1. Identify the residue in the range A:126-142 that is open to solvent by 40 Å² or more (accessible area, probe 1.4 Å) and within 11 Å of the ligand (Cβ to nearest atom) and, among all such residues, is nearest to A:Gly40 (Cα to Cα).
2. Among the numbered criteria (1) within 11 Å of the ligand (Cβ to nearest atom); (2) on the phi > 0 side of the Ramachandran plot, which one does A:Phe59 miss?
3. Answer with yes or no whether A:His241 is touching a residue at least 24 places away in the same chain (Cβ under 8 Å) and either part of a loop (DSSP other than H, G, I, E, B) or out of contact with any strand residue (DSSP E or B) (no Cβ under 8 Å at 6 or more places or on another chain) (or both).
4. Among (1) within 11 Å of chain B (Cβ to nearest Cβ); (2) without any contact (Cβ under 8 Å) to a residue 12 or more places away in the chain, where does A:Pro234 come up short?
5. Name the pairs whose Cβ atoms lie under 9 Å apart, with the first residue in the range A:480-507 and within 9 Å of another protein chain (Cβ to nearest Cβ), the second of a type in the set (Lys, Arg) and part of a helix (DSSP H, G or I), and 6 or more positions between them or separate chains?
6. Here are the criteria: (1) among the β-branched types (Val, Ile, Thr); (2) more than 16 Å from the ligand (Cβ to nearest atom); (3) modelled with pLDDT of 90 or more. Tell me which single one B:Ile387 does not satisfy.
7. Which pairs do you get when a residue that is in a loop (DSSP other than H, G, I, E, B) and modelled with pLDDT under 90, found in the range B:9-33, comes within reach of a residue that is of a type outside the set (A, V, I, L, M, F, W, C) and surrounded by fewer than 17 Cβ atoms within 10 Å (Cβ to Cβ), reach meaning Cβ atoms under 9 angstrom, with the pair 6+ apart or on two chains?
8. Mind telling me which of the residues A:Val458, A:Val482 ends up being more than 30 Å from A:Phe232 (Cα to Cα), surrounded by fewer than 19 Cβ atoms within 10 Å (Cβ to Cβ) and among the aliphatic types (A, V, I, L, M)?
Amino acid sequence: MEKVKCECGHVNPFGTYLCESCGKPLIEEDTPVANMRYEGVARRSQTYNRTIVDKIWNFFSSVKVGIWIIVLLLIASAIGTIFPQEMYIPPGERPTLFYEQEYGTLGKLYYQLGFHNLYSSWWYMLLIAALGISLVICSLDRVVPLYRALKTQKVTRHKAFLERQRLFGISEDTIDADKEIKIAEKMLKEKKYTIRKEKGNILAEKGRFSRWGPYVNHIGLIIFLIGAMLRFFPEMYLDEHIWVREGEEVVIKGTNGEYFLRNDQFIVELYDTDDERFRQAFERTGQQVVKTYQTSATLLRRTNTGAVGVGTELEEVKQYDIRVNDPLTFDSFALYQVDYKLNELAEFTFTLDAVNDTTTEDLSDVVFTVNLYDPEYVYEFDNGYRIEIMEYFPNFYIDNNNQPDTRNMIPDNPRIIFEVFTPDMDPDSDSGELSLIGVQVNEPLIGENDYRIRMIDVDMKHVTALTVRKDRTIPIISIGGVIFMIGLIQGSYWHHRRIWIQNRDGKIWIAGHANKNWHALKRDIDFVASKAAIPIPKDQLDEEQNSEGEEGGNNSDSTKQ
Amino acid sequence: MIQLSSNFLLISFFMYLLATIFFTVSITGKRFKTKEGEEKNKSGFYGYVFSILAVATSITYFILRWVGVGHAPVSNMFEYTTFLGIAMALAFVVIYPMYKNNYLGLFTMPVVMLIIAYASMFPREVQPLIPALQSYWLHIHVITVALGQGILALGFVGGLLYLLRVIDFRKITKKVVGVEFILYSCLAVLAYILLNISFSAMNYEATFEYVNENGVEAEITYYKPALVGPNEGVLLTEGRFDPFIQAPAIIRSDDLNTVLWSIIGGLFIYGVFILLFRQPIGGKIQPWLKNVNPNSVDELSYRAIAIGFPVFTLGGLIFAMIWAQIAWTRFWGWDPKEVWALITFLFYAAYLHLRLSRGWHGEKSAWLCVIGFALIMFNLIFVNLVIAGLHSYAF
Ligand code: HEM
């Protein structure tokens, strides 16, 4: 498509509204104030609309579409907070039932529509993807031509350009224009404007770099979104849990068996209820408040990286008190305090009694301790007695077929079936007395027993739960966030202001434009006018408003976004 | 120390009141001019001086309480809401010199007072911090959020001024109803505060026996006469008001009762106004605002939002993510509070993009500022007290 040559000689790309160089309107608009957004440059999206690529480009470069995407994301996000997301329902609840039971028909509908996992739904992801695409395209569509226009702009703008600026004025009388312009120049310099001169006319400009703010912040956002997407690639993100009992060493998941952690001690510390400062609060709520959850841990590392098993030695790397808000970090990993269990059963100690005093034998030596995490199955004593564990259920329950079973290997409800052999029995051929023993449970399994196993001691341990986290996306996300903030500040706390002052046949013409914060621009001009005899430009928007008798009225350029 | 800090807060409250009065005089008072044509009505200046004093005393409150408590006092509803009010006043003090707009003061100061008074309805005692909250990142995050919201709230004041200035109150239109509703909401908050103060001065207490949401018998104490009683409630205290109706068990009936009282109280005050003046409140206020330039309050509210948005983003999203990464193992977890911060962010982002087109300047933009403030209040009250309460941080 052919280029457009302006009367000033500058050749503009097809579709330019205001000549990039002198600002003369190339496409007539019937509004008193020119649309200065993007300097009236030719944007691809406003110019071509033929191929499918053009159409997609135009769709995503439209701010209207961008706003719709933002609004849809907003509404979707809000819907996701009506009822808790699946990850926040109480542990152990089945979502199929939970939503209906708790929230009735609406809850059921919520579940059926998939809103219980809204933020990971395909359509929410799609919206975020659309936002990303839109950000890239809309920025490219504008930033290149805008850059060119701001670079090519010349000092002496066309008459029609000046007239159609929002702030515009012409001096009443002919005066020594050149002298006044000189004074104005000095004043503007004082206000830190950059001045360009041409044939006695000036262009004073300030804060142009703020025009790049939006593009910088959009780039930051794109980087952020890319970072967030990388989470779904392997090796980028790790989310594991480990439970560690006091005194125990466990391998840290996700480290390929390289690192181990020992829980030296776990404590829960409460606030002192006598603390004067908090007395009122304690009285009102009547509750104790936790001060600290802390795991004193030792990080260990395997020294020989060879085969697991023989010769593996663990070397202490560091000791650390892991607390909420104070994770242990090493390599790219972090260990967080997230949960705990106090007083988990660890060991039972038993002895043996004769029920009817029938034996005269001394049983006082028959004392044994069963480790509930990893029990020994046979206990032999010097006096010939032998006790075997026939079956062990760490977390006992009766299953659907009415059979005893264990839910898992955590000794929350341990039951042990012991078999007792007296010295005169042969463990291989005879069968001993059976008894079932647990917490507050001690019964013979078949008929009456002559011996009774009695629990004499219980040992308990605290268990800590830690999250193992590795997140390689964090550096990328942080960079995105920092760039975003820089762009945001750049575009929000600085403004691009321009003042054109021209000497046209002895009269001073002045026009001003600010991309925002017109107030400050007007004050700058007032400041200049306090010394130099320049006309105070009128705000053509105020005039418009007064003549129309109501606000706005000018929707003409709203469609061009 | 805590007591001293409370005294400072009280003093600052009166300073805000004085500032309001001076700003009122600066607008409604006579325009005296000296012979040289200089403005002699200096009340606007005094109003500003008192706003500065008010901010200074309330910041003194903040610092003293910080020292007394041992951590930044932004960790419960009273502390946070108070700080939000202070932040808004601070934003005003910073922005006023740019625009020298006394109308802004006239509307900002009462809103600040309302917020601080509302804050003091929550338990004011010092509370110990649970482990998850013991982090300086949390405090940095919360303080920045409040500052951002305070600045954004000025955008609301600007928007409200704009609406009161331009809307035609002679006919009852949707817009008039909208503006009246905003004013009514402020009155309902005022009613809530007044009722709370009066009933607690009377030591009103009524205890009910009722059946709670788990079908178990329990007791509940009301501090206001029960319009709505608890589920199957039986009044235990003698000589107290018997409720008209009973709430279903899943609803916190005493809170519902309070809300109902506030709605009715607000309606009452509003009704008195209407009877006295026989026109919408907005219509009564409008003549005072005839010197307000709509374009300049429009720009003012836009600037407040352009300034507040980065601060809010920094505090509400970026610092929040840093804290979440340290305290909750992940920087983002789609927790309702996080999501509502995101929603507020998206809302103001949409606002800024709408402002790119001239069709959204002026009135539409003013309505958006109002909605934005409603969102902030929703975050403060609803998200904190209702949504988050359902599955509040358990650790
Ligand atoms: C949540 C996502 C987004 C955020 C946080 C964001 C943020 C911003 C901000 C802060 C500005 C500056 C506004 C001002 O200074 O008044 C801006 C400008 C802009 N944004 Fe976005 N934006 C987002 C998405 C989009 C999308 C999807 C589009 C595409 C249609 C878009 C197009 C624009 C345009 C065209 C500008 C004006 C640029 C200029 O004035 O030169 N933005 N954006």
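The values are calculated or read from the model by the stated rules, or taken from the named source; none is laboratory data. Everything numeric in this text was worked out from a predicted model, so none of it was measured. So basically every Cβ, Gly included, is an ideal-geometry build from the backbone, and we count neighbours across all protein chains shown. Surface accessibility is based on the protein's heavy atoms, side chains included, excluding ligands, DNA and RNA. Shrake-Rupley method; radii C 1.70, N 1.55, O 1.52, S 1.80 Å.
1. Filtering first and then ranking leaves A:Leu140.
2. Exception for A:Phe59: condition (2).
3. no
4. (1)
5. A:Gly491/A:Arg211
6. Here B:Ile387 meets the rest and fails (3).
7. The qualifying pairs are B:Gly29/B:Asn41; B:Lys30/B:Asn41; B:Arg31/B:Glu39; B:Arg31/B:Lys40; B:Arg31/B:Asn41; B:Phe32/B:Glu39; B:Phe32/B:Lys40; B:Phe32/B:Asn41.
8. On the way: A:Val482 fails: more than 30 Å from A:Phe232 (Cα to Cα).
Answer to the check: A:Val458.
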